Amino acid sequence: MGIFARPVLEISDSPKEMQRTATNVLAQAHHVSRMKRGQAIGSVRGFRGCTLWMTGLSGAGKTSISFQLEEYLVSQGIPAYSLDGDNMRTGLNRNLGFSKEDREENVRRVAEVARLFADAGIVALCSFVSPFAEDRKIAREIHENANLPFYEIFVDASLQVCEARDVKGLYKKARQGIIKGFTGIDQNYDVPTEPDLIVNTENATVQQSTDVVINFLQRKKIIPKICELEQPFLELFVKEDRLDDVRKEMKTLPTLEIGKIDVQWLQVLAEGWAAPLKGFMRENEYLQVQHFNCLLYENGVPINQSIPIVLAVSTADKERCFDAAALVLRYQDKDLAVLRNPEFYLHRKEERCCRQFGTNNPGHPYVKLIRDSGDWLVGGDLEVLERIKWNDGLDHYRLTPNEIRIKCREIGADAVFAFQLRNPIHNGHALLMQDTRKRLEGYGYEKPVLLLHPLGGWTKDDDVPLSVRIQQHEAVLEEGVLHEDTILAIFPSPMCYAGPTEVQWHAKARMIAGANFYIVGRDPAGVPHPDKSATTDGNLYDATHGARVLSLAPGLQNLEIIPFRVAAYDMKTKKMSFFEAERQQDFIFISGTKMRNLAKNGEDPPEGFMAPKAWKIVMKYYQTALT
């Protein structure tokens, strides 16, 4: 009968029988150390396994804090899992009631499960009423005997407050006698006398209560300190009280004339979009970005930075400024910044282009710029005198990351989803943004805010100019196509057309601005291959790779990626809809080329393709550009 003929151990539903001591059992040591496990689990290196035991009355907020904390930790690349009381009783502990004996066994089992999670390097978040101090003591001992951190957190709210909340209607049933042995009504609760942390939730939001726990974990060095939405990002502007001294110093320093695109990158750095960079990249930073697509700092956390932000200079300028302790960066006879402790290194253009773009063909628009630039790169820390202004009537849209964060807080955003574009908005784009908002509301967010964030730096000649795009976007908003909780702002970065490599930069910058959801389109930052015969589809990059790379990229764990769903014009409903393969005959795709031809010829697109006022702006541009 083989090995399957062994007698089966019958498991009783009785907690007493299940507590019989097992004999002939020896604990087995793992081959993998906790330190090694910590290197492999999550994107933040280090062993962080521990258990947070949240105790308190029903309705105090234990589960709400636990789930909010779990979301935060996972978004930071730290593995965490919430063991909720109700959830445990539907599975592992479904045979337990609410007698004193069953409550004790409930806590013991959960503590053992939490110990295994913690030993695996996961932050175990336990939210249980656990009314008896002796049971909580046993849970602590289970962890201490395994040399694992255990923190008892008293989620404190009075009986009156909890009963007033009564989210589940349990207090009402307990008062009516329907539920017996309910903690706080006819079952005592042993208030913790020496908890590791007290979180009073009576006059605090879930986020405020969660922040208290986050700060506690940071103090205990369970998790690293990570820059939060409420904290301003470092900008590189000279403090006002130093301006006069810096201006005097600049008169004694050698100057470097820089170009318009260099100024756009200077603006990106100064406003904090590329944090934690403090200036144009030095060679070590440049090498990390070229080879790893991220920056590695002292805490070991990878920070995504897929695009090198460098300043190219000529050999003559390099020879002239090589020994200088600082340089003045000048554009059109205006001194903009000081570059301190400059470091010059060779600009290996072919290697840079091949790594960043996958080609060194000068037919690629940004490759040509690089090939025509200086033979040396210079990096160093920046001090920028003042905000970069372009005086084109659009500066009020050029919000810094910190300004966008402030706007989001003023609106009361509990989620921010970003959408980048360098083209006019049609109703297919709008459909995707509307659908994302509905999806976030389905997640439980009450105030999701859209960051509509067109790219505002250099673009190739045949792209629609920024001023036209902003007019068109304004018209879309005026016609009510998008929700009123929308922030229209300009992203100052130049466009590199580097496909999946560049889309990481676009996502990272929006994360800096406070976005926690990012909509990625089809073929983001894509461009036709300079030699169309070189690829089967004529494109330099696979149209699907941008979204796939974003879902895998290191250092973007704060962002949830929302893939672009294919939208097309539905001839039955006469509007843009998500494409349905089963009735593909009802859909037509209106390409950018077709849209341009319609506009040039003064023709209207199908009804429902684009807001009418917005279409008139597009049509006027193409007719003017044609003449």
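The values are calculated or read from the model by the stated rules, or taken from the named source; none is laboratory data. Model, not experiment: these values are computed from the prediction. FYI the Cβ positions are ideal-geometry reconstructions off the backbone, even for glycines, and counts take in every protein chain you see. Note: areas computed on protein heavy atoms with side chains; ligands, DNA, RNA excluded. Shrake-Rupley method; radii C 1.70, N 1.55, O 1.52, S 1.80 Å.
Run down PHE589, PHE609, PHE578, PHE564 and say which single residue is assigned by the TED database to the domain that holds ALA525 and open to solvent by less than 20 Å² (accessible area, probe 1.4 Å). Break it down stepwise before answering.
Values: PHE589 fails: open to solvent by less than 20 Å² (accessible area, probe 1.4 Å); PHE578 fails: open to solvent by less than 20 Å² (accessible area, probe 1.4 Å); PHE564 fails: open to solvent by less than 20 Å² (accessible area, probe 1.4 Å).
Answer to the check: PHE609.
Scan ILE411, ILE404 and give me the residue that is in contact (Cβ under 8 Å) with a residue 12 or more places away in the chain, open to solvent by 40 Å² or more (accessible area, probe 1.4 Å) and of a type in the set (Val, Ile, Thr). It would help to see each step written out before you state the result.
Values: ILE404 fails: open to solvent by 40 Å² or more (accessible area, probe 1.4 Å).
After ruling out the rest, the residue left standing is ILE411.
Where the second residue is at pLDDT 90 or above and open to solvent by less than 70 Å² (accessible area, probe 1.4 Å) and the first is under 17 Å from LEU125 (Cβ atoms) and of a type in the set (Gly, Ala, Ser) and lies in the stretch 194-214, which pairs have Cβ atoms under 7 Å and are six or more apart or on separate chains?
Partner pairs satisfying both residue conditions: SER209/GLY61; SER209/ILE65; SER209/VAL199; SER209/THR201.
How about the stretch 92-110: which of its residues are assigned to a loop (DSSP other than H, G, I, E, B) and either farther than 20 Å from ILE185 by Cα or not assigned by the TED database to the domain that holds PHE182 (or both)? Full working, then the answer.
Just the residues of the stretch 92-110 that are assigned to a loop (DSSP other than H, G, I, E, B), to begin with: 92-99.
Hits for the stretch 92-110 are LEU92, ASN93, ARG94, ASN95, LEU96.
For PHE117, are the conditions met, namely being over 20 Å from ILE223 (Cβ atoms) and of a type outside the set (Ser, Thr, Tyr)? Lay out the reasoning, then the answer.
Working: over 20 Å from ILE223 (Cβ atoms): no; of a type outside the set (Ser, Thr, Tyr): yes.
It is false that PHE117 is over 20 Å from ILE223 (Cβ atoms) and of a type outside the set (Ser, Thr, Tyr).
Within the bounds of the stretch 478-495, is there any residue that is surrounded by 21 or more Cβ atoms within 10 Å (Cβ to Cβ), at pLDDT 95 or above, charged (D, E, K, R) and more than 20 Å from the chain's Cα centre (by Cα)?
No: the stretch 478-495 contains no residue that is surrounded by 21 or more Cβ atoms within 10 Å (Cβ to Cβ), at pLDDT 95 or above, charged (D, E, K, R) and more than 20 Å from the chain's Cα centre (by Cα).
Just need a number here: residues in the stretch 303-324 that are open to solvent by 20 Å² or more (accessible area, probe 1.4 Å) and in contact (Cβ under 8 Å) with a residue 40 or more places away in the chain. Give the derivation first.
Residues of the stretch 303-324 open to solvent by 20 Å² or more (accessible area, probe 1.4 Å): 303, 312, 314-320, 322-324.
Checking which are in contact (Cβ under 8 Å) with a residue 40 or more places away in the chain leaves us with 303, 312, 314-315, 317-318, 320, 324.
Of the residues in that region, 8 qualify.
When the residues of the stretch 115-131 are filtered to those that are small (Gly, Ala, Ser) and under 28 Å from the mean Cα position of the chain (by Cα), which remaining residue is nearest to VAL199 (Cα to Cα)?
The initial filter retains those residues of the stretch 115-131 that are small (Gly, Ala, Ser), namely 118, 120-121, 124, 127, 130.
Filter once more, so that each one left must be under 28 Å from the mean Cα position of the chain (by Cα): 118, 120-121, 124, 127.
Numbers: ALA118: 22, ALA120: 27, GLY121: 25, ALA124: 18, SER127: 13 Å.
Applying the filter and picking the extreme gives SER127.
Taking only pairs six or more apart or across chains, which ones have beta-carbon atoms under 6 Å, a first residue in the stretch 605-616 that is outside any loop (DSSP other than H, G, I, E, B), and a second residue that is surrounded by fewer than 20 Cβ atoms within 10 Å (Cβ to Cβ)?
LYS613/GLU479
PHE216 - would you say it is in the same structural domain as VAL110 (by the TED database) and in contact with a helix residue (DSSP H, G or I) (Cβ under 8 Å, 6 or more places away or on another chain)? Steps first, answer last, please.
Details: in the same structural domain as VAL110 (by the TED database): yes; in contact with a helix residue (DSSP H, G or I) (Cβ under 8 Å, 6 or more places away or on another chain): no.
The answer is no for PHE216.
Out of all the residues in the stretch 348-369, is one or more of a type outside the set (Phe, Trp, Tyr), on the phi < 0 side of the Ramachandran plot and either outside the structural domain of THR252 (by the TED database) or part of a strand (DSSP E or B) (or both)? Give the steps one after another, and end with the answer.
Step one: list which residues in the stretch 348-369 are of a type outside the set (Phe, Trp, Tyr), which gives 348-356, 358-365, 367-369.
From what's left, on the phi < 0 side of the Ramachandran plot: 348-356, 359-365, 367-369.
Going one step further and asking which of them are either outside the structural domain of THR252 (by the TED database) or part of a strand (DSSP E or B) (or both), we end up with none.
No, the stretch 348-369 has no match at all.
Checking the conditions here, which among PRO465, PRO524, PRO500 is more than 23 Å from the chain's Cα centre (by Cα) and open to solvent by 10 Å² or more (accessible area, probe 1.4 Å)?
Numbers: PRO524 fails: more than 23 Å from the chain's Cα centre (by Cα); PRO500 fails: more than 23 Å from the chain's Cα centre (by Cα).
Exactly one of PRO465, PRO524, PRO500 is more than 23 Å from the chain's Cα centre (by Cα) and open to solvent by 10 Å² or more (accessible area, probe 1.4 Å), namely PRO465.
Among the residues of the stretch 140-174, what is the count of those that are part of a helix (DSSP H, G or I) and touching a strand residue (DSSP E or B) at 6+ places or on another chain (Cβ under 6 Å)? It would help to see each step written out before you state the result.
Going residue by residue through the stretch 140-174, those that are part of a helix (DSSP H, G or I) are 140-144, 159-165, 170-174.
From the residues that got through so far, the ones that are touching a strand residue (DSSP E or B) at 6+ places or on another chain (Cβ under 6 Å) too are 140, 143.
Qualifying residue count for the region: 2.
Filter the stretch 202-236 down to residues that are aromatic (Phe, Trp, Tyr), at pLDDT 85 or above and either touching a Cys at 6+ places or on another chain (Cβ under 8 Å) or exposed (fewer than 13 other Cβ atoms within 10 Å of the Cβ) (or both), then give me how many there are.
Of the stretch 202-236, the ones aromatic (Phe, Trp, Tyr) are 216, 233.
From what's left, at pLDDT 85 or above: 216.
From what is left, the residues that are either touching a Cys at 6+ places or on another chain (Cβ under 8 Å) or exposed (fewer than 13 other Cβ atoms within 10 Å of the Cβ) (or both) are none.
Qualifying residue count, the stretch 202-236: 0.
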